[in-house]
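The values are calculated or read from the model by the stated rules, or taken from the named source; none is laboratory data. Here the structure is a predicted model, which means the values were calculated and not measured. In this analysis, Cβ positions are derived from the backbone assuming ideal geometry, glycine residues included, and neighbour counts consider all displayed protein chains. Accessible surface is based on the protein model in full, side chains and every heavy atom, while ligands, DNA and RNA are left aside. Shrake-Rupley method; radii C 1.70, N 1.55, O 1.52, S 1.80 Å.
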There are 2 protein chains.
Amino acid sequence: MSIATENFLKEIYQLSQTPGGETKPGVVAEKLGISNAAATDMARNLAAKELIIYEKYKELRLTSKGQNLALALLRKHRLWETFLYRTLGINLSQIHNEAELLEHSTSDFLVSKIDSYLGEPAFDPHGDPIPQPDGKIPDTDELIRLSTAKQGQNYHVRRLSGSEDEFFEFCRDNSIDIGQSIEVEKHYPSQNSIAVKILGQRILLNNELAGKIYVEIKKY
Amino acid sequence: MSIATENFLKEIYQLSQTPGGETKPGVVAEKLGISNAAATDMARNLAAKELIIYEKYKELRLTSKGQNLALALLRKHRLWETFLYRTLGINLSQIHNEAELLEHSTSDFLVSKIDSYLGEPAFDPHGDPIPQPDGKIPDTDELIRLSTAKQGQNYHVRRLSGSEDEFFEFCRDNSIDIGQSIEVEKHYPSQNSIAVKILGQRILLNNELAGKIYVEIKKY
DNA sequence: AAAATAATTTAAGTAAACTTAAAAAACATA
DNA sequence: TATGTTTTTTAAGTTTACTTAAATTATTTT
């Protein structure tokens, strides 16, 4: 399994978990920074290996074999993030990129060692659930995206689910941290934005960004 | 820098450090498990990138640029080994293979984090010196290869410098561990072998294997 | 529904890292 | 030194993962 293949499968999985995310070659291509033609090419290859189901002009769908591989990779990624954060003290904004490299060089043996060293964690430092060895994904039922949160309601930030440096930079600059209290002030549907209050500061977020912030209703 | 390139440079470096080791395409090819033709091909490529000096039918020599890259890779390898051994408790015989993969996915940033976490070690768990950030290699002057050790003399095992699983399996099975006392009983030049005594047991080692075991004269 | 636009696919080509087979050079030996 | 063996190199071909450009199909707009 090559790095290109692994990343392609992972991207299809991630897109399939994104609301409104389309798993079409063009979208995958854009995410991976390759041409549409390359994505179509790869889609045909992966279909031949029975990792995805590919019908021309249709969305790409993972087979269960393909999904298992994607989940195994995501597991490696999130365990590495947890390890880098907890053990080496690397920043939330930096662990993603390092894990992105390491995940492809990690044997099943090594990942299980890391897992037991960390005490078999269910969530990574961003709050993202870590797929378990059996493929099950820890529950995030009580969490909702900030973009869909209720006006006037108070929440706790539970998950920062982005991958770009800039997302974490923005969160850090605006005190959006895991555990932080946050109040939804107002939705602006026409602006595709939401106003929230954090530590007395009013902040306007666009829905795309707010969709990467997961919150839980504050219990008093 | 691709993985193939990195491994090729590292192999040239390692061969250049091996007594009687020839850095010719065929030898590198055999070590890396590729064809002679592929090695010649790679040699021409690396020469074009000024990482090695390549003259037809001559030995391959690293340029200082090439040597720096090889040393940086070796540093990553040995720091990973130290980390896997100390922190995750992985066996001496298993750390090499894992580090062999991880070394290629390790940023300079990450390696420096690992280095400080470990307290900037000078030697890895096999006793191999870890190249320092400036390219300097910690002293191993008092160490000699067991194959060249003096008859009748007592030593301490200080370094097990192999890479194959079988080498470590053999050492483990015969109590050849770092710190272990060892006495050279007799050389058998015609057999290319050496007889040693460990924990009361007499063992016959061929010189190739004994050349990977470094010892220090026992001080009473 | 037709036309315009956008996405996807096909076609052709490239670069890296290999392969095998044949040719050339180096080395070893009688 | 001539011959035979081994090693290295060259040549030609493969696979993977891309590229750009052109053709095709799908979607959106009018």
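A few remarks follow.
- Computed from protein heavy atoms with a 1.4 Å probe, the total accessible area buried between B and A is close to 1700 Å².
- Across the copies of the chain, B:K65 has label points (7 Å from Cα along Cα→Cβ) spaced 4.4 nm apart, shortest distance listed first.
- R0 of 22 Å, Cβ-Cβ distance B:R61-B:D41: FRET efficiency to nearest 0.05: 0.80
- Hydrodynamic radius of the range A:84-176 per Kirkwood, over alpha carbon pairs, in Å: 15.1
- Innermost chain A residue relative to the axis carrying A onto B, by Cβ distance in angstrom: A:S105, 2
- Cα-derived Rg over Rh, computed across the range A:144-217 with Rh taken as Kirkwood radius: 0.91
- Greater than 27 Å apart at Cα, pairs in B:K136/B:K212; A:K49/A:K76; A:K31/A:K218; A:K49/B:K24; A:K24/A:K136; A:K49/A:K212: A:K31/A:K218; A:K49/B:K24; A:K49/A:K212
- With its label point put 7 Å out from Cα toward Cβ, A:D165 sits 4.0 nm from the same residue's point in the other copies, in order from shortest.
- Cα-only Debye scattering, chain B: base-10 log of I(q)/I(0) at q = 0.10, 0.18 Å⁻¹: -0.49, -1.32
- Its DSSP H runs of at least 4 residues, each contributing -39,500 (n - 2.57), put the calculated 222 nm mean residue ellipticity of chain B at -13000 deg cm²/dmol, to the nearest 500.
- Scalar couplings 3J(HN,Hα) for the range B:134-139, obtained by applying the Karplus form with A = 6.51, B = -1.76, C = 1.60 to θ = phi - 60°, are 7, x, 6, 10, x, 4 Hz; x denotes Gly and Pro.
- Spacing of the two label points (7 Å from each Cα toward its C-beta) at A:R202 and B:E208, in nm: 7.8
- Sorting the segments A:131-139, A:174-182 by their residues' average number of neighbouring beta-carbon atoms within 10 angstrom, most packed first, yields A:174-182, A:131-139.
- Residues with amide H under 5 Å from that of B:I90, placed H, sequence gap 5 or more: B:Y85
- Hz values of 3J(HN,Hα) by residue in the range B:205-219 - Karplus curve (6.51, -1.76, 1.60), Gly and Pro given as x: 10, 7, 5, 4, 5, 4, x, 9, 9, 9, 10, 10, 4, 6, 9
- P(r) tail fraction, the range A:3-62 - alpha-carbon pairs more than 16 Å apart, %: 30
- Dipole magnitude (debye, nearest 20) for the range A:40-167, charges at Cβ of Lys, Arg, Asp, Glu: 340
- Amide H to amide H, with H built 1.01 Å from N, A:T23 comes under 5 Å of A:L60, counting only residues 5 or more places away or on other chains.
- Using the alpha-carbon positions of the protein assembly as shown, Rg (one decimal) and Dmax (whole number) come out as 27.0, 89 Å.
- Net charge of the neighbourhood of A:G21, taken over other residues with C-beta under 11 Å away and scored Lys/Arg +1, Asp/Glu -1, is -1.
- Expressed per residue, the C-alpha convex hull volume of the range A:73-138 stands at 71 Å³.
- In chain B, a dipole from Cβ-located charges (positive for Lys and Arg, negative for Asp and Glu) runs towards its positive end, and of B:Y54, B:S116, B:A72 it is B:Y54 whose Cα lies farthest in that direction.
- Per-residue HN-Hα couplings for the range A:89-102 [Karplus 6.51, -1.76, 1.60; θ = phi - 60°; Hz; x = Gly/Pro]: x, 7, 4, 3, 7, 9, 4, 4, 5, 5, 5, 4, 7, 5
- A point 7 Å from Cα along Cα→Cβ stands in for A:K186, and the other copies hold the same point at 9.8 nm, listed in rising order.
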